Amino acid sequence: RTLRIRESDPIEIFTGREGEIVLKKYSPIGEMHTFAKQYAESLCQVSGHIAIITDRDQIIAISGGMKGLLGKELSRELEEKVNNREYILASKGDKNFIPIVRDMAEDFLHEAISPIICEGDIIGAVVLISTSEKGKMGEVEQKMIQSAAGFLGRQMEQ
């Protein structure tokens with residue numbers, strides 16, 4: 001629990017120069033960092049919103065602003081929703097509106113979240129957020145992130 005390693009999490013094991021054993025969580029989608037970054041940039045350009053791609057623990061790609069979130073740990077609420085395969089379309093003040101990362105004051109007003117599923121397992125999420133009142137998320141954004149999540153999941157299967 002302290003290391004946030006779940007029972008089914010893949011782990012890489014290394015040995016250090018001085019004989020120490022190093023455990024590193026393996027992130028399948030993290031291996032596609034460059035591809036995820038390019039996809040986030042494309043999603044941001046098409047949607048006009050901030051696009052985020054995560055693995056199960058942290059943000060691995062972001063485009064459109066808030067670059068300081070890159071590498072930050074996901075909030076427990078987001079982890080829980082993604083692990084439960086829930087899709088979220090919410091605005092600030094809604095009961096299902098959740099923070100994206102831990103210890104973050106919500107600097108955004110609208111969000112759309114879709115889990116990335118690869119071979120039946122959750123490997124991350126695609127998130128769109130908006131800081132503008134006019135940036136309310138709708139069915140178009142929901143379909144956009146579901147399509148992105150499906151595409152990324154299939155890429156990981158190959």
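Tabulated values for the structure
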{"read-out": "The chain - percent of accessible surface contributed by carbon and sulfur, probe 1.4 Å", "value": "48"}
{"read-out": "Set of lysines with alpha-carbon distance to residue 134 below 18 Å, sequence-local pairs under 8 removed", "value": "92"}
{"read-out": "In Å², nearest 10: area of residue 34 left accessible to a 1.4 Å probe", "value": "90"}
{"read-out": "Accessible surface, the stretch 62-149, averaged per residue in Å² (probe 1.4 Å)", "value": "50"}
{"read-out": "Size of charge dipole - the chain - debye, nearest 20, with Cβ of Lys, Arg +1 and Asp, Glu -1, no other charges", "value": "200"}
{"read-out": "The stretch 36-132: relative contact order as a whole-number percent, Cα under 8 Å and 6+ apart", "value": "27"}
{"read-out": "222 nm mean residue ellipticity, helices alone, for the chain (DSSP H n ≥ 4; -39,500 (n - 2.57); rounded to 500)", "value": "-8500 deg cm²/dmol"}
{"read-out": "Three-way shape call for the stretch 34-158 based on the alpha-carbon gyration tensor, with the a/c threshold at 1.5", "value": "rounded"}
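The values are calculated or read from the model by the stated rules, or taken from the named source; none is laboratory data. None of the values given here were measured: they were computed from a predicted structure. Cβ sites come from the backbone with ideal geometry, for glycine too, and all protein chains shown count toward neighbours. When the accessible area is computed, the model is the full protein with side chains, heavy atoms only, and any ligands, DNA or RNA have been set aside. Shrake-Rupley method; radii C 1.70, N 1.55, O 1.52, S 1.80 Å.
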